[in-house]
Structure formats: structure tokens, C-alpha cells
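What follows is calculated from the coordinates using simple rules that are stated; it is not laboratory data. What you see is a predicted model; the values in this text were computed from it and never measured. Heads up, the Cβs are rebuilt from the backbone with ideal geometry, glycines too, and the neighbour counts pull from every protein chain shown.
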Amino acid sequence: MNSPSADDHRIPPIDIRATPVCSVLALMVFINWFICGIVAVFLGGDALDTQPSEEGFVVSSHGVTTEVTESVWVISLTYSYLTIGFTPMLLSMYFMHNLLRNAAPLVRRSAVALSCFPGIAWLLLISCGALSAFRSYMAM
């Protein structure tokens, strides 16, 4: 009777050639995350959790606010929401799919679906701030 070796429990490396479309999308999502961060640094923050007012539009980062134009505020709100909201969920789905690619289809699909739950919770939390800001904007 053979005992399991350490090699039997290793996580297989991700083969980019096995899922080229998913790999390209994951790379684009990863690059977009950094672009969003660079844009936020350039603007002085993002519009999530900021409320527009008659005095103007602001973006914030760690309590420091910067005045911006209305169009920059709307674009910042939309871009930040989509990037910060969806990136964790998409990347976790990608990595779960690739880590379990040799598993049975039902196991793989179940694991990918379950990996979405933390991402969905994250998205709901981000949505609260974005929807509040958007409602305030529409009420102006």
C-alpha cells in the first residue's frame, strides 16, 4: 500500500494556454485595477461614498477631499464602482476555475459558484455607497 506523497497534494500551476479567453480577461481585470488606482491618485480620490452638493462635486481619499467637475465626478463614481465592486469576484472565480480544472465538472461549478459569495457581499457593500451618491446626484 502506497502512502500519499507531498507531490499528491500540490496545487497544480495555472496553465494559461488551457483557458486563453479567461486568462486574457483576468489579466485585463488585474491591469484595470491598477489603472483605477492610478486614476484615483491623480484625481485625489474616488467618488464612492461622497455626496454631491450645490457647492460642487468632490472626490475623497482617506478623509481628504478634492473638488472636481460634475462630469469627472460621475465618471469617477461609475468607474470606481465597477472596478472596485466586480474585480474581487471576477478574479476569485477565475482562480477557483483554474485551480479545480481537473476536478469533476459538478465540483468545479459548485466551487466557482461558492467563491462568488464573498464577492457578492463585497459588491453589495460597495453598492450602498455608490447608490447613495447616485440618488443624491439625481435629486439635485
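In vacuo Debye scattering of the range 89-140, one point per C-alpha: log10 I(q)/I(0) at q = 0.16, 0.18, 0.21 Å⁻¹? So the normalised log intensities work out to -0.55, -0.61, -0.71.
Rounded to the nearest 500, the 222 nm mean residue ellipticity of the chain from helices alone is -23000 deg cm²/dmol, with -39,500 (n - 2.57) taken per DSSP H run of at least 4 residues.
Residues whose amide H lies under 5 Å from that of F57, counting only those 5 or more places away or on a different chain, are V68; hydrogens are built 1.01 Å from N in the peptide plane.
For T65, neighbours were defined as the other residues whose beta-carbon sits under 13 Å from its Cβ, and their charges (Lys and Arg +1, Asp and Glu -1) total -4. Each Cα pair under 8 Å and six or more residues apart adds its sequence gap; the mean of these over the residue count of the range 87-140 is a relative contact order of 38 percent. For the range 101-110, the Karplus equation 6.51 cos²θ - 1.76 cosθ + 1.60, evaluated at θ = phi - 60°, returns couplings of 5, 8, 7, 4, x, 5, 5, 4, 5, 5 Hz by residue, with Gly and Pro reported as x. Along the range 41-57 the Karplus relation, 6.51 cos²θ - 1.76 cosθ + 1.60 evaluated at θ = phi - 60°, assigns HN-Hα couplings of 5, 4, 7, x, x, 10, 8, 5, 6, 10, 10, x, 9, 5, 6, x, 10 Hz to successive residues, with x for each Gly and Pro. Only one of the values (1) 226; (2) 117; (3) 147 was calculated from this structure for volume of the Cα convex hull per residue in Å³; name its label. Given (1) 226; (2) 117; (3) 147, the calculated one carries the label (3). Each Lys and Arg contributes +1 and each Asp and Glu -1, all at the Cβ; summed about the Cα centre of the range 20-139, the dipole is approximately 860 debye.
For the range 20-139, the relative contact order works out to 28 percent when only alpha carbon pairs closer than 8 Å and six or more residues apart are counted.
Loop sites by DSSP among the trypsin sites (Lys or Arg not before Pro) of the chain, restricted to those with at most 15 other Cβ atoms within 10 angstrom, leave 11-100 as the longest stretch without any of them.
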